[in-house]
Each structure stands twice: as structure tokens, then as C-alpha cells.
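Trainee: What follows is a single structure, and I will ask about it in a moment.
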Amino acid sequence: MFKVKKMVLALSLLLAFFINATAQSQSKEDACFRPGELWMDNTDTHVNAHGGGILVANGRYYWFGEHKSDTTSSAMVGVMCYSSSDLYNWKNEGIALSVVDDKNSDITRGCVLERPKVVYNKKTKKYVLWFHLELKGRGYNAARVGVAVSERVTGPYKFLRSYRPNPGIYPYNMSEEQKKMTLDIKDYRKSWTPEWYKAVADGLFVKRDLQSGQMSRDMTIYVDDDEKAYHIYASEDNLTLQIAELTDDYQGHTGKYIRVAPAGHNEAPAIFKKDGVYWMITSGCTGWDPNAARMFSSRSIWGPWTQHPNPCIGKDADKTFFSQSTYILPVQEKKDAFIFMADRWTPRHPSNARYIWLPIQFKDGIPFLKWMDKWDLTVFD
Ligand code: GAL
């Protein structure tokens, strides 16, 4: 009898030790980022929040992104929300903004709804979700921005409207000379010629779209230290980025906007600010295929913006490590800690697209990105 008791005790101790050991290794395993690998949420499913962005609210991180299905890149579900206290482990909070079955709605199921970003407005106490919207069945021609609001961070968000920003208004940094130029798209039937590039840089597409409002595709939203918010987006047939000021409630555009890198062909803008300098990382325009990242800086959101070399270094730097920028996250309670978030698209199986998160490093004050198979937040210490 005594022997049996002893054996049971020994077995229980062994079991307890085993459970403890696995628990430890599990939590240790989880407390890191593994760029490009499957990233499981609390339900053991790969996080489905592509082209996304992160908002900090009530002491938690909220990750919003495009829900991608297995077979199409169109929006069959909407915008997903996940939350986390440590950035490693994510809880599925469900659909923040749902597409609808009403065929007359701008956000009808099967539309293109990309690059969602949520910001919190202190005045209205509302969360505002902005996204790139393409109307169903019209390819990428609509080039609109969409906006939705909610009183709760996780939603449900109520869709307000979609439109092209700032109709009838010229960019703030377009010269008087450029405004007066007669640039007519009919005179530039052949694209990509030096004359065409010059015309695009001078505002050929700004003028073409003056009445309808400016095209708005890949986008992010940036809230500055003074609470002013800006919409940064690929405009003018993706040839030129624009930065537009949002109204005080963050639900509309004020009419003030600039052009950045005219005819430079940038998209996928992601931005952060350090020591009074705005840094913006973008990509070139090759659809779902990766290309070399670009980087710009400015001391004012209104420019002038200066272009720097590709911030990526080392192997596969010319392909941004096979990814495309989407957001730059300032890590809470760590000084000068920023995470570059990017997507490694897999258009044949969109939901399988992976996340490439890398710490932004600095050399002589200039940001750079280097591949890491595995890393954690202690890199910032
Ligand atoms: C990429 C863009 C993505 C998506 C894709 C569609 O250039 O960054 O968000 O729009 O094109 O081809």
C-alpha cells in the first residue's frame, strides 16, 4: 500500500513538472515575433487582419485589418479586430466593420475594402475607422476612401460614406504656375514618356480629378502630437502620394492637402515621428508582388519631404524581405521603439498571407530595417 502511494506521488510530481515545463516553454515560445510564420490567435487560427493598423485603447493594443478569404482578395467579411496586452498573443475580437448584403451599399459583400486604420477622437469620444474602398465589380477604378464610426473600440462600426477627397480644391503645395497650366489628359495618350512624367508631376491627374475629388487608394491615418489627424494615401493613379488634413472630429477632410513625391509611384504608406522628424516608408507599385521600400522624411507634415535610400539592408532588401509596408507601431512605454508592420501577400490563397514585423533600428538617426527570424521587445532595451 505504502509503495503504491509513493508511486502515485512520484507520478503526480513528474506530471506536475512536465505540465509546468511545457507551460514555461510555451509562454517563452509565444513571447516573440517570428516574421513570415503563421501567427495563431487565441482560437488557434492564423490572425486574419491584413493591410492593417494598430490602435492603443484602454491599455490594450487593438489590431484592425482586412479579413481575407481563402480564394478571393475581395471583402467577403469586412474588417477584423484582435486585441493584445503584449503584442505577441492576440485575442480574436470579431468583425469590427461588416460588409453587407444590400447590393446598393458601397460596402456590399465582394467590394474591395483594404488597409483599414482606426483612430480615437477625444472630442467626440468616438473611434473612427478609415479604409480604402473599391466599389464591387469596378476593379480599382472608384479609388475612394471610406469612413465608419463606433463608440466601442471593437465595434460594430457604422459605415458613414465613401468618396474621393477634396473635390474642387487644389493641393496646398501646387505652385500658381502649375495651377494655371493647361494639362489635358487627351494630350497625353501615351503614358510613361518623359513628357507624360513631367505632366503628371505638374498635376495632370490632379486637374483631371479636380471636380470628382482626388483618387484615394492605399492609405494610412496619422494622429499627430497636437491631435490633428492626417489621411495619407496613394493618389493620382498611384503616381503621387497625398497628405490631407482631417476635420476635428476625424470624420471628413478639411480641404488642406499636399502632394508628396509627384510622379514617384509610391503606395503602402506607413509613418512615424521621432525627435520632431516624420519618417514615412512606402513601397513602389507592383500590385501584390513585393518591391524595394522607399523612405522619406520631413520636419513638417506639410513638407518639404526628402527621399532617402531604401531603409532595408541585407539579404532580400530589394524586395522588402518579400513584403509591403502597412503600418508603423510605436511600442507603448518604450522610448523610440517602433515596429515596422508589413504584409507578405499570397494572392492565390489570400488568408494565408503572412505578417512581417521588424523593429526599426537607427544609425546616425536614420531608420533602417534588417531581417530577423525571431525577435522580441527586449531588442528595444
Ligand atoms: C497593392 C496594394 C494592395 C492591393 C493590391 C491589389 O499594390 O498595396 O493593398 O490594393 O495592390 O493589387
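Trainee: Determine which single condition Glu236 fails, assuming it passes every other condition in (1) of a type in the set (Asp, Glu); (2) free of Cβ contacts under 8 Å to residues at least 60 places away in the same chain; (3) away from the ligand (no atom under 16 Å from the Cβ).
Mentor: That leaves (3) as the condition not met.
Trainee: Can you tell me which residue within region 272-288, out of those that are closer than 19 Å to Leu369 by Cβ, in contact (Cβ under 8 Å) with a residue 12 or more places away in the chain and open to solvent by 10 Å² or more (accessible area, probe 1.4 Å), is nearest to the ligand (Cβ to nearest atom)?
Mentor: Top of the filtered list is Trp279.
Trainee: Hey, among Trp130, Trp90, which residue is out of contact with any His (no Cβ under 6 Å at 6 or more places or on another chain), of a type in the set (Phe, Trp, Tyr), on the phi < 0 side of the Ramachandran plot and surrounded by fewer than 23 Cβ atoms within 10 Å (Cβ to Cβ)? Spell out how you get there, then give the answer.
Mentor: Details: Trp130 fails: surrounded by fewer than 23 Cβ atoms within 10 Å (Cβ to Cβ).
The conditions single out Trp90.
Trainee: Restricting to region 222-247, what's the tally of residues that are closer than 16 Å to Ile301 by Cβ and not in a strand (DSSP E or B)?
Mentor: Of the residues in region 222-247, 6 are closer than 16 Å to Ile301 by Cβ and not in a strand (DSSP E or B).
Here is a yes/no grid of residues against (1) modelled with pLDDT of 95 or more; (2) surrounded by fewer than 21 Cβ atoms within 10 Å (Cβ to Cβ); (3) farther than 19 Å from Leu135 by Cβ:
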| position | (1), (2), (3) |
| --- | --- |
| Arg189 | no, yes, yes |
| Phe205 | yes, no, yes |
| Tyr222 | yes, no, yes |
| Gln251 | yes, yes, yes |
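Trainee: Which is under 30 Å from Leu377 (Cβ atoms) and open to solvent by 20 Å² or more (accessible area, probe 1.4 Å), of Arg144, Arg109, Arg152, Arg161?
Mentor: None of the others qualify; the one that does is Arg152.
Listed here are the residues, each with its yes/no results for (1) out of contact with any Ser or Thr (no Cβ under 8 Å at 6 or more places or on another chain); (2) hydrophobic (A, V, I, L, M, F, W, C); (3) at pLDDT below 95; (4) closer than 20 Å to Val118 by Cβ.
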position: Ala293; (1), (2), (3), (4): no, yes, no, no
position: Phe296; (1), (2), (3), (4): no, yes, no, no
position: Pro309; (1), (2), (3), (4): yes, no, no, no
position: Ala317; (1), (2), (3), (4): yes, yes, no, no
position: Val331; (1), (2), (3), (4): yes, yes, no, yes
position: Lys334; (1), (2), (3), (4): yes, no, no, no
position: Asp343; (1), (2), (3), (4): no, no, no, yes
position: Ile356; (1), (2), (3), (4): no, yes, no, no
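Trainee: Gln214 passes all but one of (1) away from the ligand (no atom under 16 Å from the Cβ); (2) under 21 Å from Phe131 (Cα atoms); (3) open to solvent by 30 Å² or more (accessible area, probe 1.4 Å); which number fails?
Mentor: Of (1) away from the ligand (no atom under 16 Å from the Cβ); (2) under 21 Å from Phe131 (Cα atoms); (3) open to solvent by 30 Å² or more (accessible area, probe 1.4 Å), only one is false for Gln214: (3).
Trainee: Could you check, for region 318-341, whether at least one of its residues is crowded, with 16+ Cβ neighbours inside 10 Å and out of contact with any strand residue (DSSP E or B) (no Cβ under 8 Å at 6 or more places or on another chain)?
Mentor: So far as region 318-341 goes, yes, one or more of its residues are crowded, with 16+ Cβ neighbours inside 10 Å and out of contact with any strand residue (DSSP E or B) (no Cβ under 8 Å at 6 or more places or on another chain).
Trainee: Pick from Gly78, Gly137, Gly110: which is without any contact (Cβ under 8 Å) to a residue 60 or more places away in the chain and farther than 26 Å from His46 by Cβ?
Mentor: Residue meeting the stated conditions: Gly137.
The values are calculated or read from the model by the stated rules, or taken from the named source; none is laboratory data. Computed from a predicted model, the values in this text were never measured in an experiment. Every residue, glycine among them, receives a Cβ derived from its backbone with ideal geometry; neighbour counts consider all protein chains shown. SASA here: full protein model, heavy atoms, side chains in, ligands and nucleic acids out. Shrake-Rupley method; radii C 1.70, N 1.55, O 1.52, S 1.80 Å.
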